[in-house]
Each structure stands twice: as C-alpha cells, then as structure tokens.
Amino acid sequence: MYIYSGTCRMGNCGEKTKLTDIAGKELYVGDIVLVLVMDEMRACDSYRLSAIVSDRWETYNDKIYKEKEGDVEYFVMGIKSIDFMNKDSDKWLVKKVKDWFDCINGEHWKDYGFQYKNV
C-alpha cells in the first residue's frame, strides 16, 4: 500500500525510517502522527495530524511514478524542513497516533491531505 497527497505518491507504507516519536516509538512510512508545538512559555499546543512520508517517489503527469535513485529522506508531511529529532526538538514534538498497518486501502484523511491506496 502507498500513501498519497492528492495524486502524489509519498511513500511505501510500512517502510522503516530512523525516526522516533516523543515516546521513543519507531516511525514507519504511513504512520499517522500528531504534531505538537511548544511556545516560548513552554505551553504545548496541537499543530495538526499528519503522516510519515518519504521522497522515494517522483510523480509525473498522468499518474506516472518513478522511484528516485540514491538516498531516501523520511519526514513528517507538511514540516519537511523541521528537524524534530534534533535541533528543533525543543519546540516541535511528534506523537504516533495510528500505525500504518491499521490503515486500509481507500482510507482518506481529507482534512489533513493524505490517503492510502494499493495502486
């Protein structure tokens, strides 16, 4: 199964990453996570739900997908530039809320911009 943002293929569900959440749980492509942000007063606020994705696939017109060559990068969809594991860990927190294997073909999280499909 794959995870998509619109028609863009964002990764192979179940692919192991080197990422972990705030509880130390391993994160896999397709896992649904809650993104939390700490303000300057150290108050925690929910940012949004998102998913763990990768840059493994390049999407072209007519839904043509090509697997990229070289190293694959794993990240939280919507905050790719945020290094929540290291330099930004004092402000950005990520908590796994649903494992990728509990998601089903056709599951669509419209409000958060991702969906799961077998094709």
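Taken residue by residue, segment 4-13 has at least one member that is touching a helix residue (DSSP H, G or I) at 6+ places or on another chain (Cβ under 9 Å), within 17 Å of ASN118 (Cα to Cα) and either exposed (fewer than 11 other Cβ atoms within 10 Å of the Cβ) or polar (S, T, N, Q) (or both).
Quick grid of which residues meet (1) in contact with a strand residue (DSSP E or B) (Cβ under 7 Å, 6 or more places away or on another chain); (2) surrounded by 11 or more Cβ atoms within 10 Å (Cβ to Cβ); (3) closer than 15 Å to GLY6 by Cα:
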position	(1), (2), (3)
ASP45	yes, no, no
ASN61	no, no, yes
ILE64	no, no, yes
GLY78	yes, yes, yes
GLU107	yes, yes, yes
LYS110	no, no, yes
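In segment 43-62, the residue that is nearest to LYS96 (Cα to Cα) out of those that are of a type in the set (D, E, K, R) and part of a strand (DSSP E or B) is ARG48. Determine whether segment 70-88 contains at least one residue that is touching a Ser or Thr at 6+ places or on another chain (Cβ under 6 Å) and modelled with pLDDT under 95. Within segment 70-88 (the criterion being touching a Ser or Thr at 6+ places or on another chain (Cβ under 6 Å) and modelled with pLDDT under 95), the answer is yes, since at least one residue qualifies.
The values are calculated or read from the model by the stated rules, or taken from the named source; none is laboratory data. As the structure is a prediction and not an experimental result, all values here were calculated from the model. We place every Cβ from the backbone using ideal geometry, glycine too, and count neighbours over all the protein chains shown.
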